[in-house]
Amino acid sequence: MPEDAVKLTPTVLWAQRKDRLLITIDLPNREQPRVNLEEEGRLTFSATAGKDGEERREYEVVLEFLHPVNAKDSKISVGNRQVFVVVMKTEEFSGEHWPRLLRAKGKVPHVKTDFNKWVDEDDEEENDRDAAFDLAQLRDLSTYEHSTYEKDFYGEEEDSDDDDDMPDLERI
């Protein structure tokens with residue numbers, strides 16, 4: 001591939017939690033992905049990609065995050081269609097949602113919100129409370145005898161058949 005060839009930009013999807021950024025780089029049929037994450041908040045990605053039988057093209061994207069990140073604790077997963085990066089926020093900027101992903105203000109055409117992974121701050125707090133509720137501490141309902149449950153719940157031992165005196169329904 002010639003040195004002066006134009007590099008294309010892959011689509012980047014993002015979402016966040018209080019303590020991390022969820023970055024998905026969508027680039028099917030890519031080869032030789034190179035990802036570099038720096039503590040200063042800079043993510044660099046490059047790869048070649050193209051459909052089978054077509055010329056491979058160079059792709060590159062550089063993301064300058066709004067704040068520094070914890071590169072050491074961040075993780076990456078390279079799949080067939082996407083590269084998924086979990087970028088950990090530093091303690092200084094953890095605990096709250098960032099107002100935007102990048103330092104540069106304004107809309108960036110190749111960076112989009114990942115609504116499949118997005119959670120609002122309020123919903124995240126609810127999920128944290130739900131996670132604190134441990135279902136393993138509850139007993140299994142099958143340990144209760146049906147008649148005992150019925151007695152406790154309805155205040156009687158057996159179901160009374162008050163409808164024995166009712167006539168059968170007639171067909172019209």
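Structure notes:
- Subset of the range 51-75 (residues that are at pLDDT below 90 and surrounded by 15 or more Cβ atoms within 10 Å (Cβ to Cβ)): ARG56
- Qualifying positions in the range 26-46 - open to solvent by less than 60 Å² (accessible area, probe 1.4 Å) and farther than 24 Å from ALA104 by Cα: PRO28, ARG30, PRO33
- If you go through the range 90-110 and keep only what is closer than 21 Å to LEU37 by Cα and surrounded by 10 or more Cβ atoms within 10 Å (Cβ to Cβ), you end up with THR90, PHE93, SER94, HIS97, TRP98, ARG100, LEU101, LEU102, ARG103, ALA104, VAL108, HIS110.
- Residue match in the range 76-89 (condition: surrounded by 14 or more Cβ atoms within 10 Å (Cβ to Cβ), in contact with a strand residue (DSSP E or B) (Cβ under 8 Å, 6 or more places away or on another chain) and small (Gly, Ala, Ser)): no
- Boolean, LEU13 is farther than 17 Å from ASN80 by Cα, buried (at least 16 other Cβ atoms within 10 Å of the Cβ) and modelled with pLDDT of 95 or more: no
- Of the candidates GLU126, GLU150, the single residue that is at pLDDT below 75, surrounded by 13 or more Cβ atoms within 10 Å (Cβ to Cβ) and either touching a helix residue (DSSP H, G or I) at 6+ places or on another chain (Cβ under 6 Å) or outside any strand (DSSP E or B) (or both) is GLU150.
- LEU22 vs. criteria surrounded by 14 or more Cβ atoms within 10 Å (Cβ to Cβ), touching a residue at least 40 places away in the same chain (Cβ under 8 Å) and more than 20 Å from ASP120 (Cα to Cα): no
The values are calculated or read from the model by the stated rules, or taken from the named source; none is laboratory data. Bear in mind the structure is a predicted one, so any value in this text is a computation, not a measurement. Don't worry about glycine lacking a Cβ; one is built from the backbone with ideal geometry, like all the others, and counts go over all protein chains shown. In case anyone asks, the SASA skips ligands and DNA or RNA and just uses the protein heavy atoms, side chains included. Shrake-Rupley method; radii C 1.70, N 1.55, O 1.52, S 1.80 Å.
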